[in-house]
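This report refers to the structure that appears directly beneath it.
What follows draws every value from the coordinates through simple rules; no lab data is involved. If you're wondering where the values come from, they're calculated on a predicted model, not measured in any experiment.
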Amino acid sequence: MTPHEDRDSISAHKVADLTVQRDDLVRHILSTDASPNYVPAAQAGTAGLTSAEMQIALSDARASRAEHIKLLGRYNDIKDVAQGLMGLIAEQRGCRVKDVMEELGVADEA
């Protein structure tokens with residue numbers, strides 16, 4: 001076997017392994033009740049996935065990711081406002097922000 005053929009063989013095995021992993025992940029996404037296309041795990045089967053099933057699962061995953069990113073952005077905005085207000089309170093009182101946070105029962109996550 002030439003080095004070129006050996007490299008092609010390794011690449012083919014990697015592609016096959018990645019395809020199996022992808023199919024397992026898509027099957028897992030389809031089997032969760034968070035998906036509008038919920039299929040119980042017992043019914044998910046091990047047969048190859050159709051292109052349509054894969055597209056549905058990937059679309060659901062992308063929508064879920066986009067929603068999480070949106071919620072994280074909203075959380076960060078709210079947290080920024082709260083930290084700003086605590087900073088103003090601390091400045092007015094002439095104390096540290098940490099003291100205000102402790103008084104309000106807010107854990108320092110930094």
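In summary, the lysines within cross-link reach of residue 70, defined as a Cα separation below 17 angstrom excluding same-chain residues under 8 places away, comprise 79.
With θ taken as phi - 60° and the Karplus curve 6.51 cos²θ - 1.76 cosθ + 1.60 applied, the whole-hertz 3J(HN,Hα) list for the stretch 92-106 is 5, 7, x, 10, 7, 4, 4, 5, 5, 4, 5, 4, 7, x, 9 Hz, x standing for glycine and proline.
Full extension of the chain segment joining residue 67 with residue 102 gains 9.4 nm, where the gain is 0.36 nm per residue of separation less the Cα-Cα distance.
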